[in-house]
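Note sheet for the following structure.
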Amino acid sequence: MPKYQLDIPHTLAPEEAKKRITEATGKLSTDYGASCTWKSDNELAVSRKGLDARVTLEPSRVRIDLNLGFLMTPFADVIKNGITKKLSAILATAPAA
């Protein structure tokens, strides 16, 4: 599986960052069939057919270690850009509308 790493900066308190990411996991499950499980206070495992990711909450960034299956590899740039855009919006300082 090809591996990629994404870093998304944020300025939120750790509790707020975790709360916002937790709220987004339902959409991942509904829209993409992903399974999301908190492995610890700061590590979320995301899995679906062809994709596995470890999301690690750090004080000033969210780090994503992304593994894509062979059939998903041609879409790597689209997937990485989509994750970065969505997660940046979720972690934006202003409350979501």
Here segment 37-50 yields Karplus 3J(HN,Hα) values (6.51, -1.76, 1.60; θ = phi - 60°; whole Hz; Gly and Pro given as x) of 9, 6, 8, 7, 4, 10, 10, 10, 9, 10, 9, 7, 4, x
Counting sequence-distant residues (5 or more places) and residues on other chains, those with an amide H built under 5 Å from that of Leu51 are Gly69
Taking the solvent-accessible surface of protein heavy atoms with a 1.4 Å probe, what is the per residue accessible area of the chain in Å²?
64
Explain nothing, just compute: Karplus ³J(HN,Hα) = 6.51 cos²θ - 1.76 cosθ + 1.60, θ = phi - 60°, for every residue of segment 9-17 in order, whole Hz, x for Gly and Pro.
x, 8, 10, 7, 5, x, 5, 5, 4
Under-5 Å amide H pairs with Glu58, H placed in peptide plane, nonlocal only
Arg63
Tally of Lys pairs whose C-alpha atoms are under 17 Å apart, taken over the chain, 8 or more apart or cross-chain
12
For a label point 7 Å from the Cα of Ser29 along Cα→C-beta, name the residues of segment 45-79 whose backbone N is under 14 Å from it.
45-48
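What FRET efficiency, computed as 1/(1 + (r/R0)^6) with R0 = 25 Å and r the Cβ-Cβ distance, is obtained for Asp41 and Arg61, rounded to the nearest 0.05? Write down the numbers at each step before the final one.
Numbers: r = 16 Å, r/R0 = 0.64.
Efficiency at R0 = 25 Å is approximately 0.95.
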Which loop GluC sites (Glu not before Pro) in segment 1-77, with loop taken from DSSP, have no more than 10 other Cβ atoms within 10 angstrom of their Cβ?
none
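The values are calculated or read from the model by the stated rules, or taken from the named source; none is laboratory data. It should be emphasised that the depicted structure is a prediction, and the values quoted were computed from it without experimental measurement. Virtual Cβ from ideal backbone geometry, glycine too; neighbours counted across all protein chains shown. SASA here: full protein model, heavy atoms, side chains in, ligands and nucleic acids out. Shrake-Rupley method; radii C 1.70, N 1.55, O 1.52, S 1.80 Å.
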